[in-house]
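K.L.:
Take a look at this one; I'll ask things after.
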Amino acid sequence: MTVRVLLADDQTLVRAAFAMLVESAPDMEVVGQAGTGREAVELARAERADLVVMDIRMPDLDGIEATRLIAADEDLAGVRVLVLTTYDTDEHIVEALRAGASGVPGEGHPPGRPPRRDPHGRRRGGAAVAGAHRTADRAISAQPLGALGGRS
């Protein structure tokens, strides 16, 4: 069973890096790359990806609204969206989860680790960020990637 992945980020270099990582996995393939949120929604519909890796901030239509459109589309009911962000704030994480994202790991946040701390020792982003990261980490690590897809 192969997991079909759509990459959505306005940075070409970021998409290329993720594509290399995905393609290096024997049970995953990149089925499309989008540079805007609107392109991501269109490609999700056209390519029937199992997983969309979505940047939170993109031109034309941001990742949160694109996630909302994908999650609301009955034809895309099995599609999971993983929203990536460098904005480690409660507002962005909660908004992405409410839009229908399956997880919101912060870019650079190692799985299973406590949230980052500011120079004063306080957690960055507060309790909601910590909870969202733990939830996303558990969701990602607890479910085999093969369970995301149903296609072979």
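K.L.:
Name the pairs: first residue in segment 97-110 and on the phi > 0 side of the Ramachandran plot, second residue at pLDDT 80 or above and among the basic types (Lys, Arg), Cβ to Cβ under 8 Å, at least 6 apart or on different chains?
P.N.:
100/68
K.L.:
Could you list, in sequence order, all residues of segment 21-36 that are part of a loop (DSSP other than H, G, I, E, B) and farther than 23 Å from residue 59 by Cβ?
P.N.:
24, 25, 26, 27
K.L.:
A follow-up question, please. Could you please find all residues in segment 8-58 being within 22 Å of residue 98 (Cβ to Cβ) and polar (S, T, N, Q)?
P.N.:
Scanning segment 8-58 gives a single hit, 36.
K.L.:
Related question: Filter segment 57-82 for residues that are among the hydrophobic types (A, V, I, L, M, F, W, C) and part of a helix (DSSP H, G or I) and give the result.
P.N.:
Result: 64, 66, 69, 70, 71, 72, 76.
K.L.:
Let me ask you something else. When the residues of segment 83-110 are narrowed to those that are in a strand (DSSP E or B) and at pLDDT 70 or above, which ends up nearest to the chain's Cα centre (by Cα)?
P.N.:
Ranking the candidates gives 83 first.
K.L.:
Could I ask something else about it? Take residue 43 and tell me if it is within 25 Å of residue 2 (Cβ to Cβ) and at pLDDT 95 or above.
P.N.:
Yes, satisfied.
The values are calculated or read from the model by the stated rules, or taken from the named source; none is laboratory data. Because the structure is predicted, anything quoted here is derived from the model rather than measured. Positions of Cβ are generated from backbone atoms using ideal geometry, with glycine treated the same way; all protein chains shown enter the neighbour counts.
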